[in-house]
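Remarks on the structure that follows.
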Amino acid sequence: MMDFLKLVSKRQSDRKYVDRPVDKDIINRCIEAARLAPSACNAQPWKFIVVDNPELKNRLADATTSRVLPMNHFTKQAPVHVVIVREPANITSRLGTAIKDREFPLIDIGIAAAHFCLQATSEGLGTCILGWFNEKKVRELLKIPLDKRPELIITLGYPSGTAREKRRKPHEKIVSFNQYTES
């Protein structure tokens with residue numbers, strides 16, 4: 001079993017993939033890790049659409065790119081895309097969202113996406129979480145009802161290349177104890 005901090009340090013946003021399919025058992029283990037993620041009031045406000053049909057996946061990849069901005073031009077390389085759709089939360093989570101003015105379902109989806117990506121990393125796969133895409137095209141392609149919202153797309157595949165050194169703020173810049181202090 002991999003040490004957790006080592007696993008976290010290996011996880012990165014991969015934007016180059018080799019041409020190799022991903023076994024459905026591995027995909028299902030990644031989905032299982034996401035399914036087991038905690039959520040506010042146990043709402044589990046998500047549905048995962050696995051897109052591994054090459055033609056459909058390429059059309060979905062087209063919905064993640066823009067001719068104007070150089071975003072996500074790598075997505076066709078990934079053999080699998082997983083779309084996380086926001087489902088209605090249970091009544092307690094919806095009440096909490098209204099009372100606290102905090103979008104708990106979005107937080108929950110972020111946690112589930114992190115679980116998915118960490119499991120993928122432990123399987124030797126690479127991922128990249130995308131929030132930049134044409135929502136209307138994604139809805140049409142995947143027949144997502146209007147009362148549901150695609151929130152994230154995760155590319156999944158075997159990464160091409162080596163791990164990059166993580167550039168993160170130093171520990172002392174991001175943490176304080178017992179009160180907020182400027183760094």
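The values are calculated or read from the model by the stated rules, or taken from the named source; none is laboratory data. In this text the structure is predicted, and so the values were computed from the model without any measurement. Virtual Cβ from ideal backbone geometry, glycine too; neighbours counted across all protein chains shown.
State all residues of the range 2-47 that are surrounded by fewer than 18 Cβ atoms within 10 Å (Cβ to Cβ) and either on the phi > 0 side of the Ramachandran plot or of a type in the set (Phe, Trp, Tyr) (or both); if no residue qualifies, say none.
Once the filter is applied, which keeps residues that are surrounded by fewer than 18 Cβ atoms within 10 Å (Cβ to Cβ) and either on the phi > 0 side of the Ramachandran plot or of a type in the set (Phe, Trp, Tyr) (or both), the range 2-47 yields Phe4, Cys41, Asn42.
For the range 36-55, give me the residue count where each residue is within 13 Å of the chain's Cα centre (by Cα) and charged (D, E, K, R).
1
Only residues that are more than 19 Å from Val83 (Cα to Cα) and either aliphatic (A, V, I, L, M) or touching a strand residue (DSSP E or B) at 6+ places or on another chain (Cβ under 8 Å) (or both): list them for the range 96-115, please.
Ala98, Ile99
Keeping to the range 3-61, report how many residues are farther than 14 Å from Val83 by Cβ, touching a helix residue (DSSP H, G or I) at 6+ places or on another chain (Cβ under 9 Å), without any contact (Cβ under 8 Å) to a residue 60 or more places away in the chain and of a type in the set (A, V, I, L, M, F, W, C).
The qualifying residues number 1.
Given Asp52, Asp62, Asp101, which one is of a type in the set (Asp, Glu) and either on the phi > 0 side of the Ramachandran plot or crowded, with 19+ Cβ neighbours inside 10 Å (or both)?
Unique residue meeting the criteria: Asp101.
State yes or no: is Ser176 touching a helix residue (DSSP H, G or I) at 6+ places or on another chain (Cβ under 6 Å), without any contact (Cβ under 8 Å) to a residue 60 or more places away in the chain, outside any strand (DSSP E or B) and of a type in the set (S, T, N, Q)?
So Ser176 does not fit the description; no.
Restricting attention to the range 148-168, which residues are at pLDDT 95 or above, among the charged types (D, E, K, R) and part of a loop (DSSP other than H, G, I, E, B)?
Of everything in the range 148-168, just one residue is at pLDDT 95 or above, among the charged types (D, E, K, R) and part of a loop (DSSP other than H, G, I, E, B), namely Lys148.
Before we move on, is Thr92 surrounded by 15 or more Cβ atoms within 10 Å (Cβ to Cβ) and hydroxyl-bearing (Ser, Thr, Tyr)?
Against the criterion (surrounded by 15 or more Cβ atoms within 10 Å (Cβ to Cβ) and hydroxyl-bearing (Ser, Thr, Tyr)), Thr92 does not qualify.
Could you look through the range 134-160, keep only residues that are out of contact with any helix residue (DSSP H, G or I) (no Cβ under 8 Å at 6 or more places or on another chain) and crowded, with 17+ Cβ neighbours inside 10 Å, and pick out the one that is farthest from Ile26 (Cα to Cα)?
Arg139
Would you confirm whether any residue within the range 95-106 is more than 21 Å from Thr64 (Cβ to Cβ), modelled with pLDDT of 95 or more and hydroxyl-bearing (Ser, Thr, Tyr)?
no
What are the residues in the range 116-147 that are farther than 21 Å from Asn53 by Cα and either in contact with a Lys or Arg (Cβ under 6 Å, 6 or more places away or on another chain) or part of a helix (DSSP H, G or I) (or both), if any?
Listed by number, the residues that qualify are Leu118, Gln119, Thr121, Ser122.
Identify the single condition in (1) among the small types (Gly, Ala, Ser); (2) surrounded by fewer than 19 Cβ atoms within 10 Å (Cβ to Cβ); (3) modelled with pLDDT of 95 or more; (4) more than 17 Å from Pro105 (Cβ to Cβ) that Gly131 does not satisfy, given that it satisfies every other one.
The failed condition is (4).
Taking the stated definitions as given, is Ala112 modelled with pLDDT of 95 or more and either out of contact with any His (no Cβ under 8 Å at 6 or more places or on another chain) or of a type in the set (Ser, Thr, Tyr) (or both)?
Here the answer is yes, as Ala112 does meet what is asked.
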